[in-house]
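What follows is a short report on a single structure.
The values are calculated or read from the model by the stated rules, or taken from the named source; none is laboratory data. In this text the structure is predicted, and so the values were computed from the model without any measurement. Because the Cβ atoms are built from the backbone with ideal geometry, glycine has one as well, and the counts that use them run over all protein chains shown. The area values use the complete protein model at the heavy-atom level, side chains included, leaving out ligands, DNA and RNA. Shrake-Rupley method; radii C 1.70, N 1.55, O 1.52, S 1.80 Å.
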Amino acid sequence: MTLIAIFFPSLSFLLRGKLLTALLCLILQITLIGWIPAAIWAVVSLQNARADRRTGKMIRAMKAK
């Protein structure tokens, strides 16, 4: 998924169900200069989503004890 975020940033958002963000990223990625910020944005967003899932799992595990 990280490779998709680097090479196809808007597709990365689209696959995660963020339609409006994918459209905005696509507009940014159309320009050659905007491709790099779009790729960085997609990778950071992916990493944040993974961290949020990990945190949620830890919170649920702590509540279960």
For the chain: accessible area per residue (Å², 1.4 Å): 76
Given charges at Cβ of Lys, Arg, Asp, Glu: the chain dipole, positive-most of PHE8, ALA64, ALA39: ALA64
Length released on extending from THR2 to MET62, taking residue separation times 0.36 nm less the Cα-Cα span: 18.7 nm
The chain - charge dipole about Cα centre, Lys and Arg +1 at Cβ, Asp and Glu -1, debye rounded to 20: 600
Residue among ALA38, ALA49, ALA22 with the largest mean-square fluctuation in a Gaussian network model of the chain, springs linking Cα atoms under 10 Å: ALA49
Shape call, the chain: gyration tensor on alpha carbons, a/c limit 1.5: prolate
Under Karplus coefficients 6.51, -1.76 and 1.60, residue-wise ³J(HN,Hα) of the range 40-49 in Hz, glycine/proline x: 5, 4, 5, 5, 5, 5, 5, 5, 5, 5
